[in-house]
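Asker: My questions will all concern the structure given below.
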Amino acid sequence: MEQGSMNAAVRLTVTQCFRTLASSADHKDVVAALQTLNSHLDDASQSNTTSAQREEFRRVHYSRTLQFLVSNIHSDWLHSLSAAHRRDLWDDLFVKGPPDQALLVLMDAITELRSSAGLDHLVSITERFLQSHRLADLLWSYCLRSAPSDSPQLRETLLGRISALPDITANKLHPNIRPLFLPQQYYSLLATEMLTALERTCQTLRGGTDCSLSFLAQTLGKVCIQGHSGPVLAVMAPRLSVCTRSDMVWQRVCWKLLENVPQRWMEVVLTGLVQAVSGPDALSRVIGNLALTNKTAQFILTHKLLLLQYKYETQVLKTILGYLAADRDRRPLLIQVVRSVSQAWANPSAVKHTPVEQQLYVSKAFLLSVSLLKDSDLQELRSDLLQCMLGGMQSHLDSSVVRIRNMGMVVGECVSSHVDINGTKLKFEYEKDEETRELLSLMTANTCDEPELVKGADSPDDTGQTSTSAQESVSQNKSDKTNPGSDLDSDDDLTPYDMSADQKMSRASSPRYLRDCLENLISSDDAERVELSLRVAESLVRRNVFAAKEISVQMTKVLLHMEDKFNTSGFLRLRQATMVALTVTDCVPVTQYLTTEFYSLNYSLRQRLDILEVLALAAQELYTPITDAKLLTPGAAACTELTRHPKNDPVHWRQAVEKRIQSKTKCISKGASQPAVKPCPNRYAPVAGYFFFPLLRNYDKPEVTFDLLGSDHLVLGRLIHTLGLFMHLAVNAPMAAQMGCALLDFVWAVRYHADQMVRRGVLFAVCSVFLSMPSQNILLDLSDQLFETRTWLADVAEGDPDADCRSLAMQSLVLLDKSLKKQLQDQQAQSLES
Amino acid sequence: MSLPAPHPIYTLRGAGGALNTLHFRCHGEDPHLLFSGSGKGSIHIWNLNSRRAEKVVEAHSGSSVTWVSTLQSTDTLISQGRDMQVCLWDLNEGRSELLESVWTGSVGFCQCSLLETSPTNYLLAFAAQQTEEIKIIELPSKNPVCTLTPKAKVGMVMCIKLWKTNSGLGPLLLAGYEDGSLLLWDVTQRAKLSQVRAHPEPVMCLTFDPRRLRGISGSSEKKLSSWTLDSQNNIQLQDDVTLVNPGVSQLCIREDGRILASAGWDDRVRIFSWKTLRPLAVLQYHTDMVLSVAFSDHQDPRQRLLAAGSKDQRISLWSIYNDGAGKG
C-alpha cells in the first residue's frame, strides 16, 4: 500500500514537472522543475527524495523524461537557459541516469531529428556520454543482473544500438561526424569498456558475488558479426592474454565469456580471436577447453578454419594446431585433425579441383600438425599417414602444375622423414623457391616462441643496441676492406679484353658438309665428333639451303630419334635449333613429316612434345620478318659490335659525340629521320595450314602408347597451346578464318577438362582465335557457336578454381566483345553510307 | 666493358722450326734485337726495326736449341742445345764466334738459368747428368760452385730459376721436379730450404718475382699454381688459376710486375694481372702449341712488346697494356 502511494507520488511529481516545462514561460519555474527531476537521479543525497523514490523514477519514468526533453528540444525555455544551467540541469539528466535507457533515447533522437542546433546538442551529449565511460557502466549494469529483468526485444534493440552506433551517427551526420564516432575509434573504445566491465566482474567475483556475462558475450558476438572483430579484438586479445597469464579468476571469466557467446556468433568471434592472439599458449589461456565443451567451436577450430577456408596466415594455423596440441584433453582432437587433414591432402579429386592456394594451405596444416605429433601418436597414426602420404604423393606428382608437384614432394619428404619408416625416407629434387622453403621451415620451427607483450617494453632497447653494434661492425668491415683495396686499385685499370673466343679445344675438326654431318649423327660412336656435328648442324642447314632441302626429312627423322648418348652439353638446345632450322628451310615436307609422326605409334611423350616445340618455334621464326640488320647489312652489325667496346678507336669516339648531340638536339621532323619499316612478305602465312590442320586430324584415336584424351593430358595441353600459337601467328593470313572455326570446334570437346593446364591451353587458343580471326568472319562463321561460347566463358570466368583460367576467360570475353562491337559498328557505318 | 680481342702487331716467319725459346735485347741504342732458338738448331737474331732476321747462327750442330740469353754487360750470347752443350758466343761487331762451351750431360728439356753477380762474373745453373741433379758453375772461369741433389725422390728436374735476395743471403734457386714438387735451394749453404707439392703432374715451367717474393708455376694440367715465400723462406701455396685448356710451356712476368703471360699448349697466350691473377686477355694467333713467351726490355715502357714463339714456326709480337697509365 505504501509502495503504491509512493509510486503515485513520484508519478505526480514527474507529471507536474512535465506540465511546468511544457507550459510555463517563467525561467525560475523551469529551473526548479529540472532540478526536481535531477534530484531523482542524484545519489549524493542532499535532496529530499528517498532512495526508493529514486529507484522508482529510474525504473519507470526515466526514459519518459528523456523522451519528453528531446521532444521539447526546440522549445523557448531551453534556449533561455544559461550554458552552465543547461549543462548541469539538462545534459546531466542524460549522463547520470541509467545508461541503457539514455543510450536508447539518444540514438532514437539522433535518428529522428533533422539536422539542427538541437541535433548538434544531442550529438555532443552522446559524445560526453561515451567519454564519461557510460558504456562501461551500461555493460557492467547488465553483468550485475543475474536474471534478465527486461524483455529480450529490448535487449536486442540495445545490442543493436551499441554495436551499430557508428553507422547510426554516420547516416545522420555524414560528413560532419565526430572522430569518436568513427568505427576505428569507437570500437576500440567499446573494447576498452568491455575490458573494464570484465575487470569489475573479476573484482566482484573475488568479493564472492555472482555476475552474468551473457550480455557482454552477446555484445562481443554482435560486434564481431557486424565485421568489427578486427579493431575490437586487437584491443582485447593482447590484454586478455596478459591478464590470464597468472590470474585464475581472469581465466575463468574469459572462458565463461566465450562460452556465453551465442552459437550463431561463435564463428566470427573465434576466427577473430585466433587471428588476434599472439600464439597457441595465449589462445589456450583465453578460450580454455572451449573446443571440447562447445560443438560449434570444435567444428570451427578443427574443420572449418583448416579445411574449408584458406585465407588465413600461417601463424593462424600454428596457433590453432598448437592450441590443439597443448593440452592432454585436446590431443585426441589433434589426432582427429591429422587424420582429416591428411585425407584432405591426399584426396586426388581435391588435388585436381581445388585452387592451388587452398592446397598450399592444407599442405601447411598437414605439415604443422604432423610436426606436433608425439612419438606415441605417431605409432598410432603411422599406417594411416603412410597410406595417405603415398596416395597423395601420387596424385600430386601427377599434376601438371609445378607448384602442386613441388608441394607434393616437400610434404612427402617431410612426412616420410618424420614418420620414420625404418630409417628410410624420401628424397626429391626440386627447386628451392620461397614457397618450398616456407613449407620446409614449418617442420623445423614448431616450437612457437610467442612474442610476449609484457617484455615488449624493454625489447626496443635491445634492438637498438644490436643495430648500433651491427653498424659498427659494418663500418669496421668497410675500413678493413679499404686498406687492401688501395693496393688493388692500380690493378683495376687493366681492362680485360674480350675472352669469349677462349673455348675448349677439341681434336677433331667439325664437318664442313651437311651430308658428313648427317653421317656423323647417324653412325658415329665418337662423342667428340657427334658433338661437333651437332654444334655446326644448324649453321650448315641455314647456309646450304639446297643441300638441306635434299635431306631435310631424313635429317629431321635422325634428329627426332637421336638420344643424348654422350651427355653432350646443350644437347637438347642444339638438336632443337637444328630441327627448327630444317623446318624453316624446307617447310612443307618437314612439317608434313613431323605432324604425321606426332600421332604415330612408338614415340615417347618427350618426343611428341619435342615435335610440338619445334613446330611452334619454326612457326614463330617464319612469322618474324627477316630483319635488315641481321642478314642484309653486316655493317650495321659491326656498328653495334663497336658500341660495346668504348675507348677503342676514333670512329667510336665520333659516334658517341654524334649520339650525344642528337640526344640534346630537338628534332622537329622526327618522322623523316627514321627510315620507314621496310615491308617484307610474311613467310608463315602461306604455310600456316601445313602446321595447323594435320595436328587436328587424329586426336581422338587412341593408340596403345598414346591416349591424348585420356592419361596423356600433358601432351594435350601442349598441343592446344601450340595450336593456339599457330592461330595467333596466322593473323592476317587468308587461312585464319578456317583455322579459327576448326580450332573452336576442336577445343569445344575438352573445354571442361579436369586438368588445368589443358583448360589454360583451351582458353589461350580461344583468345588467339578472337585475336586473329577477322571480325566479320567471327560473326558470319561462328554465329551459331558464339552464344554458347560466351556462356561457357562467363561460367569459367566466374567459377574456375584456377586463377589463370579465370583471367584468361575474362580476357577472351573482352576480346570477343571488342571484335563484335567493331564488326557491328562497321556494318552500321556501311549501311549508313549506302 | 671488355675490349675486343687483340691482334698481333706483326709476326716473324722463316725460323724453319719450332720456336723453343725467345730473348729480347732492346735496352741499348743498337737496333733492338730478338733472339730465337729453333728446333732445327739455329739461333735467329731478328732486327725489330726491319723485322727481318739479321743473322742466323747455326749452333749445336742441328740439335734443338732449348734456351738463349744474353749478358747485360758484354755482347755475349748464351745458348743451350740438346747436344748437351751450353755455348757462349761473341756477337761483337757482327761476329758470331764460339767463345766457350760447357758440357752439361743433361738429356732433359730443363732450361738453364743465369744470374749475373757482377759485370764480369755470373752464375749458370743447369740440369746435370743425373736426372734429378742441378749443377751451378761460375762463368767465365767455369768453376763449379755446387751440385744440388734432393734427398727425397722427386724425379727429373724440369725447370729452374736462380735469383738473388735483397736480404743479403746468397743466391737462391727454385726448381720444379717431375713429381710436381717445388724445391727452394740455398746455393751457398747447398741446402734445401723448403719443399712443396704444387702440382700432381710434372712442373713444366715456373717464374718468380723477387720483388714480391711471389711465383707461379705451370704444369701439364688445367691450372696454374701460385705461391709465395714467407720470411722463413718457406713456400706457401696460394690461389690456383684454372685454365680452359690444359698445358703450359712457359710463364713470364713483365718487368714492371703488372702482367703475367702464359704460353699454352692450346695455341694461345694468356695474359693475367700479376697482382690478382685475374685473366685479362687471350691472344689467339698461332695454329700450334705456343712454346715460349718473352717480354721485351725496352726502356720506354710504351714500346714494350710481348713475343710468343710457337711450334708452327712463327713468332708473333703483341703490344698489350703498354701505356704507362694502363689505359688499355
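Where a number appears in this text, it was derived from the coordinates with a stated rule and is not lab data. Treat the numbers as computed from the prediction; the structure is a model and nothing was measured. Don't worry about glycine lacking a Cβ; one is built from the backbone with ideal geometry, like all the others, and counts go over all protein chains shown.
Asker: Give the aspartates and glutamates whose C-alpha is closer than 14 Å to that of A:LYS565, dropping any in the same chain fewer than 8 places away, or say none.
Answerer: A:ASP525, A:ASP526, A:GLU528, A:GLU531
Asker: Additional query: What is the mean number of Cβ atoms from other protein chains located within 10 Å of the Cβ atom of each residue in peptide B:4-12, rounded to a whole number?
Answerer: Counting Cβ atoms of other protein chains within 10 Å of each residue's Cβ and averaging gives 2.
Asker: When the Karplus curve 6.51 cos²θ - 1.76 cosθ + 1.60 is applied with θ = phi - 60°, which whole-Hz ³J(HN,Hα) does each residue of segment A:211-217 get, with x for Gly and Pro?
Answerer: 9, 10, 9, 5, 5, 4, 5
Asker: Between the helical axis of A:713-729 and the dominant principal axis of chain A, each derived from Cα atoms, what acute angle in degrees is found, rounded to the nearest 10?
Answerer: 80
Asker: Let me ask something else. In the structure displayed, which of B:LYS192/B:LYS222; B:LYS135/B:LYS192; A:LYS427/B:LYS222; A:LYS256/A:LYS374; A:LYS364/A:LYS427 lie more than 26 Å apart, Cα to Cα?
Answerer: In this structure, B:LYS192/B:LYS222; A:LYS427/B:LYS222; A:LYS256/A:LYS374 lie more than 26 Å apart at Cα.
Asker: For a quick check: with amide H placed at 1.01 Å from N, whose amide H comes under 5 Å from B:THR276's, ignoring anything fewer than 5 positions away on the same chain?
Answerer: none
Asker: Relative to 2.2 N^0.38 Å, what does the C-alpha radius of gyration of segment B:108-242 come to as a ratio? Two decimals please. Numbers along the way, then the final one.
Answerer: On the way: Rg = 14.1 Å, N = 135, 2.2 N^0.38 = 14.2 Å.
Output field value: 0.99.
Asker: Same structure, new question: Over all distinct alpha-carbon pairs, what is the Kirkwood Rh of segment A:1-132 in angstrom?
Answerer: Working: mean 1/r = 0.0660 Å⁻¹.
Here the Kirkwood hydrodynamic radius works out to 15.1 Å.
Asker: Follow-up. Which trypsin sites (Lys or Arg not before Pro) does segment B:126-166 hold that lie in a coil by DSSP with at most 11 other beta carbons within 10 Å? Before the final figure, lay out each step's value.
Answerer: On the way: sites: B:LYS135, B:LYS142, B:LYS151, B:LYS153, B:LYS161, B:LYS164; in loops: B:LYS142, B:LYS151, B:LYS153, B:LYS164.
Those that pass, being in a loop and sparsely packed, are B:LYS142, B:LYS151, B:LYS153.
Asker: Here's a follow-up. Quick check: Cα centre of segment A:352-422 to Cα centre of segment A:248-272, how many Å?
Answerer: What the calculation gives is 33 Å, centre to centre.
Asker: Hey, could you grab the Kirkwood Rh for segment B:17-103? Inverse mean 1/r over distinct alpha carbon pairs, Å, one decimal.
Answerer: Evaluated on segment B:17-103, it is 12.7 Å.
Asker: Something else about it: Let me see the pair-distance distribution of segment B:136-196: every alpha carbon pair, 5 Å bin width, integer percents in order.
Answerer: Result returned by the calculation: 4, 17, 27, 25, 16, 7, 2.
Asker: Based on the Cα coordinates of segment A:687-831, what is the per residue volume of their convex hull in Å³?
Answerer: 98
Asker: Top mean-square fluctuation among B:ASP288, B:ASP240, B:ASP75, Gaussian network model of chain B, C-alpha springs under 10 Å?
Answerer: B:ASP75
Asker: Using the alpha-carbon atoms, what tilt in degrees (0 to 90, nearest 10) does helix A:117-131 show relative to the longest principal axis of chain A?
Answerer: Roughly 80 degrees, rounded to the nearest 10.
Asker: Show me, for segment B:267-283, the HN-Hα J-couplings you get by feeding each phi into the Karplus relation (A = 6.51, B = -1.76, C = 1.60, θ = phi - 60°), rounded to Hz, glycine and proline as x.
Answerer: 6, 10, 9, 10, 10, 10, 6, 6, 6, 9, 6, 6, x, 10, 7, 10, 9
Asker: Explain nothing, just the number: relative contact order of chain A, from Cα pairs under 8 Å at least 6 residues apart, as a whole percent.
Answerer: 6
Asker: Oh, and also: Is there a quick way to get the dipole size of segment A:375-415? I mean about its Cα centre, with the Cβ of Lys and Arg at +1 and of Asp and Glu at -1; what is the value in debye to the nearest 20?
Answerer: About 300 debye.
Asker: To the nearest Å, what is the center-to-center distance of segment B:204-253 and segment A:552-597, using C-alpha atoms only?
Answerer: 47
Asker: So what's the convex hull volume per residue for the Cα atoms of the protein assembly as shown, in Å³? Walk me through the intermediate numbers first.
Answerer: Details: hull volume 399.7 nm³, N = 1162.
Here the figure is 344 Å³ per residue.
Asker: Using a 10 Å cut-off around each Cβ of peptide A:727-740, what is the average number of partner chain Cβ atoms that fall inside?
Answerer: Values: counts 0, 0, 0, 0, 0, 0, 0, 0, 0, 0, 0, 0, 0, 0.
That average works out to 0.
Asker: Another question about this same structure. Quick one: which residues, 5 or more positions from B:TYR122 or on another chain, have an amide H under 5 Å from its amide H? H modelled 1.01 Å from N in the peptide plane, none for Pro or chain starts.
Answerer: Under 5 Å from the amide H of B:TYR122 lie the amide H atoms of B:THR117, B:LEU139, each far enough along the sequence or on another chain.
Asker: Name the residue farthest towards the positive end of the dipole of segment B:17-103 from the options B:GLY28, B:GLY17, B:ASN92, assuming +1 on Cβ of Lys and Arg, -1 on Cβ of Asp and Glu, about the Cα centre.
Answerer: B:GLY17
Asker: Tell me which aspartates and glutamates have Cα within less than 14 Å of A:LYS352's Cα, excluding those fewer than 8 residues away on the same chain?
Answerer: Result set, ordered by chain and number: A:ASP398, A:ASP755, A:ASP800, A:ASP802.
Asker: May I ask you to work out the translational diffusion coefficient for segment B:206-275 at 25 °C, viscosity 0.890 mPa s, via Stokes-Einstein with Rh from the Kirkwood sum over Cα pairs, reported in whole µm²/s?
Answerer: Working: Rh = 12.3 Å.
The diffusion coefficient I find is 200 µm²/s.
Asker: If I take every Cα pair under 8 Å that is 6 or more residues apart in chain B, average their sequence separation and divide by the length, what percent do I get for the relative contact order?
Answerer: Details: 910 pairs, mean separation 44.9, N = 328.
Rounded, it is 14 percent for chain B.
Asker: How large is the charge dipole for the protein assembly as shown, taken about the Cα centre, if only the Cβ atoms of Lys, Arg (+1) and Asp, Glu (-1) carry charge, to the nearest 20 debye?
Answerer: 820
Asker: Which of rounded, prolate or oblate describes segment A:554-615 when judged by the alpha-carbon gyration tensor and an a/c cut-off of 1.5?
Answerer: Values: a/c = 1.99, a/b = 1.24, b/c = 1.61.
It is oblate, given that a/c is not under 1.5 and a/b is not larger than b/c.
Asker: Over every pair of different alpha-carbon atoms in segment A:504-591, take the mean of 1/r and invert it; report that Kirkwood radius in Å.
Answerer: Roughly 12.8 Å, rounded to one decimal.
Asker: Also, quick follow-up: Treating the angle as unsigned and between 0 and 90°, give the value, to the nearest 10°, between the Cα long axis of helix A:434-444 and the longest Cα principal axis of chain A.
Answerer: Taking Cα atoms only, the helix is inclined about 60 degrees.
Asker: Scan around B:GLU54 for amide H atoms under 5 Å from its own, H built in the peptide plane at 1.01 Å from N, and keep only partners 5 or more places away or cross-chain.
Answerer: B:ILE45, B:TRP46, B:ASN47
Asker: Tell me which GluC sites (Glu not before Pro) from segment A:549-604 have a DSSP coil assignment and no more than 12 other beta carbons within 10 Å of their own.
Answerer: Values: sites: A:GLU550, A:GLU563, A:GLU597; in loops: A:GLU563.
Passing sites in segment A:549-604 are A:GLU563.
Asker: In whole Hz and in residue order, list the ³J(HN,Hα) couplings for segment A:693-698 that follow from phi through the Karplus curve 6.51 cos²θ - 1.76 cosθ + 1.60, θ = phi - 60°; x for Gly and Pro.
Answerer: 5, x, 6, 8, 6, 10
Asker: Please give the peptides A:265-275, B:5-15 ranked by average Cβ packing (other Cβ atoms within 10 Å per residue), highest first, as a rough proxy for protection.
Answerer: A:265-275, B:5-15
Asker: With +1 on each Lys and Arg Cβ and -1 on each Asp and Glu Cβ, and nothing else charged, work out how big the dipole of chain B is about its Cα centre, in Debye to the nearest 20.
Answerer: Approximately 680 debye in magnitude.
Asker: So for chain B, Kirkwood radius off the Cα pairs, Stokes-Einstein at 4 °C and 1.567 mPa s: how many µm² s⁻¹?
Answerer: Numbers: Rh = 19.9 Å.
My calculation gives 65 µm²/s for D.
Asker: Given C-alpha coordinates of segment B:233-328, what is the ratio Rg to Rh with the Kirkwood estimate of Rh?
Answerer: That ratio equals 0.98.
Asker: Peptide B:276-282: average number of partner chain Cβ atoms within 10 Å per residue?
Answerer: Taking all residues of B:276-282 together, the mean is 5.
Asker: Would you mind calculating the relative contact order of segment A:1-132 from Cα pairs under 8 angstrom and at least 6 residues apart, reporting the percent as a whole number? Kindly include the intermediate steps, with their values, before the conclusion.
Answerer: Numbers: 88 pairs, mean separation 31.9, N = 132.
Once normalised by length, the contact order is 24 percent.
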